[in-house]
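Enquirer: This structure is in structure tokens; I'll ask about it shortly.
The values are calculated or read from the model by the stated rules, or taken from the named source; none is laboratory data. Quick caveat: nothing in here was measured; it's all calculated off a predicted structure. Don't worry about glycine lacking a Cβ; one is built from the backbone with ideal geometry, like all the others, and counts go over all protein chains shown. The protein model used for the area step is the full one, side chains on, heavy atoms only, and it has no ligands, DNA or RNA in it. Shrake-Rupley method; radii C 1.70, N 1.55, O 1.52, S 1.80 Å.
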Amino acid sequence: MPRIRTKVQVMFFDTDCGGVVSNIAYLRFVETARKLLAEERGLALAEMAQTQRYPVVVRTEIDYRRAAKLGDRLVIEGWLDELERAKFWCAFRIIRPKDNVLIVECRQSLALIETPAAKLLRLPREWEKYRKPGVDARSRLPDTHVRGTG
């Protein structure tokens, strides 16, 4: 399955008054990773604006495992996790590489729509190669670890 990996440093605006990352900041980190993953799958922002076809989030599942804090350097991994006929799932994990701690696990369900009518579209045919027959991708996350980043 296609994967991306990006880095971020926790800034003041990502935290609450105690220097702990707020839940909305984690979603912003996921949003950035999802945009990078979309570009890798041929859904570049400029092209989406031209064709008026956009992936829209219909569901977010997020588990906060540990807290990240001001100044932490984090790695966000994202991958195309599961394909349905008109929806797809992306999964994400946020890790603090200095101690290899899992901070967040997240999955998002998305659908492709065409605006302005908000018409639901089938997934592109070229994505069929990523379909995993007979595997329930919702029950597992890939076993990868971050090493040597920072």
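Enquirer: Return a yes/no flag: does the stretch 21-33 have any residue that is surrounded by fewer than 18 Cβ atoms within 10 Å (Cβ to Cβ), part of a loop (DSSP other than H, G, I, E, B), touching a strand residue (DSSP E or B) at 6+ places or on another chain (Cβ under 8 Å) and touching a residue at least 40 places away in the same chain (Cβ under 8 Å).
Expert: No: zero hits.
Enquirer: Please specify each residue of the stretch 45-65 satisfying the condition of being touching a strand residue (DSSP E or B) at 6+ places or on another chain (Cβ under 6 Å) and in a helix (DSSP H, G or I).
Expert: Within the stretch 45-65, just Met48 meets the criteria.
Enquirer: Please count how many residues of the stretch 86-114 are at pLDDT 90 or above and not in a strand (DSSP E or B).
Expert: Of the residues in the stretch 86-114, 4 are at pLDDT 90 or above and not in a strand (DSSP E or B).
Enquirer: Please work out which one of (1) closer than 21 Å to Glu128 by Cβ; (2) touching a strand residue (DSSP E or B) at 6+ places or on another chain (Cβ under 8 Å); (3) loosely packed, with under 13 Cβ neighbours inside 10 Å is the condition Gly42 fails and give its number.
Expert: (2)
Enquirer: Given the conditions (1) in contact (Cβ under 8 Å) with a residue 40 or more places away in the chain; (2) open to solvent by 30 Å² or more (accessible area, probe 1.4 Å), report the number of the one that Val10 does not fulfil.
Expert: (2)
Enquirer: Search the stretch 78-109 for residues being surrounded by 19 or more Cβ atoms within 10 Å (Cβ to Cβ), under 14 Å from Leu27 (Cβ atoms) and not basic (Lys, Arg), and hand back the single one that is farthest from the chain's Cα centre (by Cα).
Expert: Looking at the filtered set, the residue picked out is Ile103.
Enquirer: Something else about it: May I ask you to list pairs of residues, at least six apart or on different chains, whose Cβ atoms are under 7 Å apart, with the first in the stretch 47-71 being on the phi < 0 side of the Ramachandran plot and exposed (fewer than 14 other Cβ atoms within 10 Å of the Cβ) and the second being charged (D, E, K, R) and not in a strand (DSSP E or B)?
Expert: Nothing qualifies.
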